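Report on the following structure.
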Amino acid sequence: MNSRIAVAMFLFASLSLAPVRMGVIADEASLLGYSAESSRAERQWEEKLRAIPNPENLRAYMERLAAHPHHVGSKYDKENAEWIAAKFKEFGLDTHIEQFDVLFPTPKERAVELVEGGPKFAAKLQEPALQQDPTSSQQSEQLPTYNAYSIDGEVTAPLVYVNYGIPEDYERLERMGVSAKGKIVIARYYHSWRGIKPKVAAEHGAVGCLIFSDPHEDGFVQGETFPAGAWRPKDGVQRGSVADMPFYPGDPLTPGVGATKNATRLKIEEAATITKIPVLPISYADAQPLLAALTGRVAPEDWRGGLGLTYRIGPGPAKVHLKVKSNWEIKPAYDVIAKIAGSTLPDEWVIRGNHHDGWVNGAEDPISGLDAVLEEGRAFGELLKQGWKPKRTIILCAWDGEEPGLLGSTEWAEEHADELRAHAVAYINSDTNGRGYLDIEGSHTLEKFTNEVSRDIIDPETKLSAWKRNQLHQIQEAKSAERRQEIRQRGDLRIGALGSGSDFTAFLQHDGVASLNIGFGGEDGGGIYHSIYDDFYWYTHFSDTDFVYGRALAQAGGSLVMRLADADLLPFEFGDFSDTVQTYVKELKALSQKMRDDIIERNREIEEGVFSATNDPKTPLVPPAVESVPGHLNFAPLDDAVDALARSSAEYHKAFEHANAQGGSALASTSLADVNRLLIESERKLTTAEGLPNRPWFKHQIYAPGFYTGYAVKTIPAVREAIELKQWKQADAAIVVVARVLQDEAALVSSAATKLSAAK
Ligand SMILES: [Zn+2]
């Protein structure tokens, strides 16, 4: 072990109340959930594991897998799946390909034309090949630029600029007296997941939607553009799905069940996740003439992007003709599944995955992440030959069809839902990888565990542990003295919660499997996302060019999987979880108070005449309407539940401490099966069969993607979203539901504590 890490661990033990470290006489603290003896053995195996991943292999895998476009349904996608399966077999893993049949629309006709209000102009809708970049010329294999699951349609209407096209932008438009009704909206990418933009536009009566990549977000305002630099060139387009995934992800025709050959399917017109209006993505070269043809009010300052023109709202006089037509076909998705059977606990599964399909050549997204899973598979294969026997079953997965809608992972997790609910310990996902900081997000019952593992991962640039580098980075980024103090003293760095946007979604949100998402980043900015330029040339010039962060990701993913698979007692912990839930409840209280205060203040200002007195008659604003002041929400059930959770997590903490006494001999016993069973259940308990109000596919009551944000998480979503939407009655009802879920969780943790105390 690196001495720097040993020092960090000592600080950790003395600052946090980490009982597992106490009473251990050995020079090294025992790992969470390991007796002193099994901890020593585990550390030796892990050191061997972390020595195996090799940057040269990672480079070679990427060069092979990103050599041609490999979207779901393409020839190379199938060849890649077969190649990945062959690799896993070569490594000695029991491997098969599981096929699902999914709806995947591809472009048939696309048009965006300026027909009135400016010089006639037809958008190019095409990314040019670049001489330096060898795979950019594979045009016959590339998917054209489009947004998958846009409904077919042809409309001609005045254009209106809606900034990011999120709900608050429409509130602002309303005050400016501008309506999107009957218009085609043009929105810029970012500040929400893209599928939110056509959804909100349709809710406001728009008939079409264009989404463009403004240079302000990922083009020349950020840095030199490709191929001179990493950022988006003028003709670069972000493809992507616009299916309503916050409603349900996966195949639009088979919600809740696996899209197997004989599955019952909805008709296309019954699929609720296909957009209501046609939508196309465009480059900033294509957006410029359209924006330049808008007149009317000048856009508010924070709506102005990086193009050299005065951003105006319209509507019109620019009139746009938009046409979208797709081939609506069922395509095969090939999930590659590789297994290592557990030696003593084969019915407890540790699952690791990354998708293999890309929008085009997809070197960064997804191969930079898949690379690590492959090297982890090779490392596990080597160690098996050397005599390593994981207690639990390990399953490595390479998913297909992630890009259009998390298709491969969702269908697999739906098809195997009963088995997953019975057997899955945790799911560990990655998607892309770059240079910088190790970001781990996910279930807070694993927060302490992820902190422990990231102390054993060496950052390639600084040679600090990934944990230490993160801590120092967080101190630099902290906005307050309190926050800095917490980072220095809490012991565990907080991990973010998961919303959606990658393959963990079905595991966490639908099946209630504790999940993590991992990847390095922060020093690897660029603007090639979902374009033909996300390829081997770009990655090896502008990202983790020597693949040392790819190696670090394989070391992190491999260590997380191995440590979960070998533990005597699963390293779940509830103090960090309870603490986190408490902060969520505090946020909810502050949010509802603020919304109430804002309504009261605005009503007062309306009465005082603030809005009429400050209205400039030349650029008038519509005054806001008086709103009724809501009563106070009753948070008592949630407060009680948070108290119960704090009590039971303290009980578990004490039992854990007891089990670790005398070198953790209690952990070496075989009486832990019932405790492990409960620990596996602990994330399931956070779900309800009914799911979230109005979106029953999403069962988790603590984490969900926002209905109006897409990828970004909403914690305690039923309550938070009701407050945000000013549905006060629903908020009160949701508080009762979530409180019951947390009380059940507290009872489970308490029962685990009792059983653990009894372990001999
Ligand atoms: Zn991806």
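Peptides 320-328, 444-452, 229-237 ranked from most to least packed give 444-452, 229-237, 320-328, packing being the mean of other C-beta atoms within 10 angstrom over each peptide's residues. Between 0 and 90 degrees, the angle of helix 728-758 with respect to the longest Cα principal axis of the chain falls at about 20 degrees.
Distance between the modelled labels on GLU681 and LEU591, one decimal in nanometres: 3.0 nm (7 Å Cα→Cβ projection). The portion of the accessible surface of region 485-601 made up by carbon and sulfur, rounded to a whole percent, is 47 (1.4 Å probe; DNA, RNA and ligands excluded). Mean residue ellipticity at 222 nm, helices only, the chain: -12500 deg cm²/dmol; runs of at least 4 DSSP H residues each add -39,500 (n - 2.57), and the sum is divided by the number of residues.
Between LYS48 and GLN485, the C-beta separation translates, for a Förster distance of 30 Å, into a calculated FRET efficiency of about 0.20. Working value for the chain: equivalent-ellipsoid semi-axes of 43, 32, 24 Å, each the square root of 5 times a Cα gyration tensor eigenvalue, largest first.
How big is D, in µm² s⁻¹, for region 308-374 by Stokes-Einstein at 4 °C and 1.567 mPa s if Rh is the Kirkwood radius over C-alpha pairs?
Diffusion coefficient, whole number: 73 µm²/s.
Normalised per residue, the accessible area of the chain is 37 Å², obtained with a 1.4 Å probe and no contribution from ligands, DNA or RNA.
Between LEU266 and ASP598, residue separation times 0.36 nm minus the direct Cα-Cα distance comes to 115.1 nm. For GLN489, neighbours were defined as the other residues whose beta-carbon sits under 12 Å from its Cβ, and their charges (Lys and Arg +1, Asp and Glu -1) total +1. Computed from backbone phi, the HN-Hα couplings of region 144-152 come to x, 6, 6, 10, 5, 6, 6, 5, 5 Hz, rounded to whole numbers (Karplus: 6.51 cos²θ - 1.76 cosθ + 1.60, θ = phi - 60°; Gly and Pro given as x). Relative to the 2.2 N^0.38 Å rule of thumb, region 192-336 has a C-alpha radius of gyration ratio of 1.27.
Within the set of other residues whose C-beta is less than 12 Å from the C-beta of TYR164, count the net charge using Lys and Arg as +1 and Asp and Glu as -1. Value of the local net charge: -1. Viscosity 0.890 mPa s, temperature 25 °C: Stokes-Einstein D of region 491-635 from its Kirkwood Cα radius, in µm² per second? Approximately 114 µm²/s, per Stokes-Einstein.
What per residue convex hull volume, in Å³, comes out for region 270-355 when only alpha-carbon positions are used? Hull volume over Cα atoms, normalised by residue count, gives 251 Å³.
Partner lysines whose Cα lies under 25 Å from the Cα of LYS594, excluding those fewer than 8 positions away in the same chain, are identified as LYS479, LYS586, LYS714, LYS726, LYS729. Here the Debye sum runs over all C-alpha atoms of region 212-282 as equal scatterers in vacuum, and log10 of I(q)/I(0) at q = 0.23 Å⁻¹ comes out as -0.94.
Highest mean packing comes first when the peptides 515-521, 113-119, 388-394 are listed by Cβ atoms within 10 Å, giving 515-521, 388-394, 113-119.
Summarising the overall dimensions of region 370-529 from its C-alpha atoms, the Rg and Dmax are 17.2, 51 angstrom. Quick one: grab the alpha carbon gyration tensor of region 476-519, order the square roots of its eigenvalues as a ≥ b ≥ c, and give me rounded if a/c is under 1.5, else prolate or oblate depending on whether a/b is larger than b/c. In terms of gyration-tensor shape, prolate.
Normalized C-alpha radius of gyration of region 524-589, against 2.2 N^0.38 Å?
Computed over Cα atoms of region 524-589, the ratio equals 1.80.
Shape call for region 386-455 from the C-alpha gyration tensor, a ≥ b ≥ c root eigenvalues: rounded (a/c under 1.5), prolate (a/b greater than b/c) or oblate? It is oblate, given that a/c is not under 1.5 and a/b is not larger than b/c. The alpha-carbon of LYS183 sits under 19 angstrom from the alpha-carbons of these aspartates and glutamates, leaving out residues fewer than 8 places away in its chain: GLU113, GLU116, ASP152, GLU154, GLU168, ASP169, GLU171, GLU174, GLU203, ASP286.
Near LYS87, which lysines are there with a Cα under 17 Å away, not counting those fewer than 8 places off in the same chain? LYS87 reaches LYS78, LYS339, LYS385.
The values are calculated or read from the model by the stated rules, or taken from the named source; none is laboratory data. Computed from a prediction, not measured in an experiment: that's the story for all the values here. Please note: Cβ atoms are built from the backbone with ideal geometry, for glycine as well, and neighbour counts cover all protein chains shown. Surface accessibility is based on the protein's heavy atoms, side chains included, excluding ligands, DNA and RNA. Shrake-Rupley method; radii C 1.70, N 1.55, O 1.52, S 1.80 Å.
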